[in-house]
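Asks: Got a structure for you, questions after.
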Amino acid sequence: INAEYMGLRRLIMGSLLSKLVFHPPETKYPPNSNHMILYTDSGTKIPVVFINRNAAITVVFSHGNAEDLYETEDWVRSFLLKKIHVNAVIYEYSGYGRDAKFTPTEQSVYNDIMAVYKYLTVNLELNPKSIVLYGKSVGSGPSCYLAERKVIGGLILHSAFTSIFRVAFDLRFTLPFDLFPNIDRMSNIHAPTLIVHGRMDEIVSFQHALDLYKKAANKVEPYFVPNGGHNDLEDYATEYFKRISEFISFVHTNIDEHSYCMGAAIKGFWGFGVPMYSASVSYTHL
């Protein structure tokens, strides 16, 4: 009886916390035929954008709690890709965008990023070590989850937290109902990890970055941005492109096998509908 009660309590607490954590913005974009659709173990379909630049490294972006595919794609295209040569994969969490009927949960977000990873490594046959995960704020949760379980080339944590409860409470341990316990996963993540955080972050305090860095098993020099806050970090991060580029180069030098990327066009998909995986898809050695 106690086990059943605790299980039910954990389920209820998880559901309540999910409603507090996830804040899907109002849908701003129409259905786009350039979006791929992936099916997840949650029974949902998520839109994905693959920006193929025939680069050696593919970066998977996991967005913040009040962002969506539209906003993240705009940031990636107009900001990051202007000076950093990588392929970019942007996916949207179940329950976001046009999937408003579904309520996102911690597990559904994990299932989302696992679907993306499976698509890249199984369907596109990318070398896992050519994949870098970029988790921003709540996106650090699925990024750390995947990094602990699968082979990747690198992990970038942007304004990340140690766990959800610790954002509000000064806890030195993980409670049973906590969400996204990133701090407990850091010692099990073997990929190089870059932590980027604003020293003046008003939402996720700078102490979270220090704690994550201390626990990281394979850390590189962090980038702690003076005067940087939670949502304006890039405005103060004068060495942002330099530090990200250096990390991408470092990951590239550690790839011990040839990696693959898609050709000039992303093939195997017809519009916004059902994925049509084709055996005739060509790949390019880098």
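The values are calculated or read from the model by the stated rules, or taken from the named source; none is laboratory data. All figures in this text were calculated on a predicted structure; none of them were measured in a lab. As a convention, Cβ positions derive from the backbone with ideal geometry for all residues, glycine included, and neighbour counts pool all protein chains shown. Heads up: the accessible areas ignore ligands, DNA and RNA and are worked out on the full protein's heavy atoms, side chains in. Shrake-Rupley method; radii C 1.70, N 1.55, O 1.52, S 1.80 Å.
Asks: Suppose R0 equals 30 Å. What FRET efficiency, 1/(1 + (r/R0)^6) with r the Cβ-Cβ distance, do residue 78 and residue 236 give to the nearest 0.05?
Replies: Given R0 = 30 Å and the Cβ-Cβ separation, E is 0.95.
Asks: Given the Cα-Cα distance of residue 203 and residue 188 and 0.36 nm per residue of separation, how much length would full extension add, in nm? Show your work: numbers first, answer last.
Replies: Numbers: separation 15, 0.36 × 15 = 5.40 nm, distance 2.61 nm.
Gain on stretching residue 203 to residue 188: 2.8 nm.
Asks: How many percent of the accessible area of the stretch 59-115 is carbon or sulfur, using a 1.4 Å probe? Intermediate results must be reported in sequence, preceding the final value.
Replies: On the way: 1050 of 2110 Å².
Roughly 50 percent, rounded to a whole number.
Asks: Pop out the ³J(HN,Hα) list for the stretch 157-164 in order, Karplus 6.51 cos²θ - 1.76 cosθ + 1.60 with θ = phi - 60°, rounded to Hz; leave Gly and Pro as x.
Replies: Karplus values, whole Hz, x for Gly and Pro: 10, 10, 6, 7, 10, 6, 6, 5.
Asks: Distance in nm between label sites at residue 27 and residue 149, each 7 Å beyond Cα in the beta-carbon direction?
Replies: 2.8 nm
Asks: Within the set of other residues whose C-beta is less than 9 Å from the C-beta of residue 63, count the net charge using Lys and Arg as +1 and Asp and Glu as -1.
Replies: -3
Asks: Another question, if that's okay. Compute the signed sum of charges (Lys and Arg +1, Asp and Glu -1) over the other residues within less than 13 Å, Cβ to Cβ, of residue 172.
Replies: Taking every Cβ under 13 Å from that of residue 172, the sum is -1.
Asks: Note the direction-averaged projected area, equal to a quarter of the hull surface, for the Cα convex hull of the stretch 82-131, in nm². Walk me through the numbers on the way to the answer.
Replies: Working: hull surface 19.2 nm².
The directionally averaged projection comes out at 4.8 nm².
Asks: Could you calculate the FRET efficiency of residue 118 with residue 167 from 1/(1 + (r/R0)^6), where r is the beta carbon distance between them and R0 is 35 Å, rounded to 0.05?
Replies: Calculated transfer efficiency: 0.70.
Asks: Per-residue accessible area for residue 249 at 1.4 Å probe radius, Å² rounded to 10?
Replies: 70 Å²
Asks: Quick one: if you stick a label point 7 Å off each Cα along the C-beta vector at residue 218 and residue 254, how many nm between them?
Replies: For residue 218 paired with residue 254, the spin-label model returns 0.4 nm.
Asks: While we're looking at this one, here's another question. Local charge sum around residue 184 (other residues, Cβ-Cβ under 15 Å, Lys/Arg +1, Asp/Glu -1)?
Replies: Values: positive: 149, 166, 172, 185, 214, 215; negative: 106, 148, 178, 211.
Here the charged neighbours net out to +2.
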